[in-house]
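Presented below is the structure to which this report refers.
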Amino acid sequence: MYSFGICLWEIYCCDTPYPNLKFSDLTSSVVYLSMRPDIPSCCPSSLAEIITRCWHSNPNKRPEMKEVVTMLKAIDTSKGKGMTPLYESHGCLFFCCQ
């Protein structure tokens, strides 16, 4: 579920988190320091909540995929303007049809 949360972040941000870190440094930081990428302020709170729940530091507190699907379906994408990061002009896959 952690990986799915990271995938949602990557799709929304059209980026990869921590591109300059070696895999060994990244895994240590994620596991022992609970390092997570920053969620842009323009990210809808409903999506930000899903992302942060998916990568919760306690795996037992992460949602099941069925719950994630329900939460994703509930996101109102009709107000998609302003939902992509300012530095990403071409939009992202998640909200490309807005």
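The values are calculated or read from the model by the stated rules, or taken from the named source; none is laboratory data. Predicted model, so just to flag it, every value in this text is computed and none were measured. Please note: Cβ atoms are built from the backbone with ideal geometry, for glycine as well, and neighbour counts cover all protein chains shown.
Is one or more of the residues making up the stretch 26-40 in contact (Cβ under 8 Å) with a residue 40 or more places away in the chain and closer than 23 Å to Val69 by Cα? Within the stretch 26-40 (the criterion being in contact (Cβ under 8 Å) with a residue 40 or more places away in the chain and closer than 23 Å to Val69 by Cα), the answer is yes, since at least one residue qualifies. For the stretch 45-65, state whether one or more residues are at pLDDT below 90, assigned to a helix (DSSP H, G or I), surrounded by 12 or more Cβ atoms within 10 Å (Cβ to Cβ) and not hydroxyl-bearing (Ser, Thr, Tyr). For the stretch 45-65, residues at pLDDT below 90, assigned to a helix (DSSP H, G or I), surrounded by 12 or more Cβ atoms within 10 Å (Cβ to Cβ) and not hydroxyl-bearing (Ser, Thr, Tyr): absent. What residue, among those in the stretch 8-33 that are assigned to a helix (DSSP H, G or I) and acidic (Asp, Glu), is surrounded by the fewest Cβ atoms within 10 Å (Cβ to Cβ)? Ranking the candidates gives Asp25 first. Taking (1) part of a helix (DSSP H, G or I); (2) modelled with pLDDT under 95 in turn, Gly5 satisfies each apart from (2). Selection of the stretch 1-41 for residues being over 24 Å from Leu72 (Cα atoms) and either under 8 Å from the mean Cα position of the chain (by Cα) or β-branched (Val, Ile, Thr) (or both) yields Thr27, Val30, Val31.
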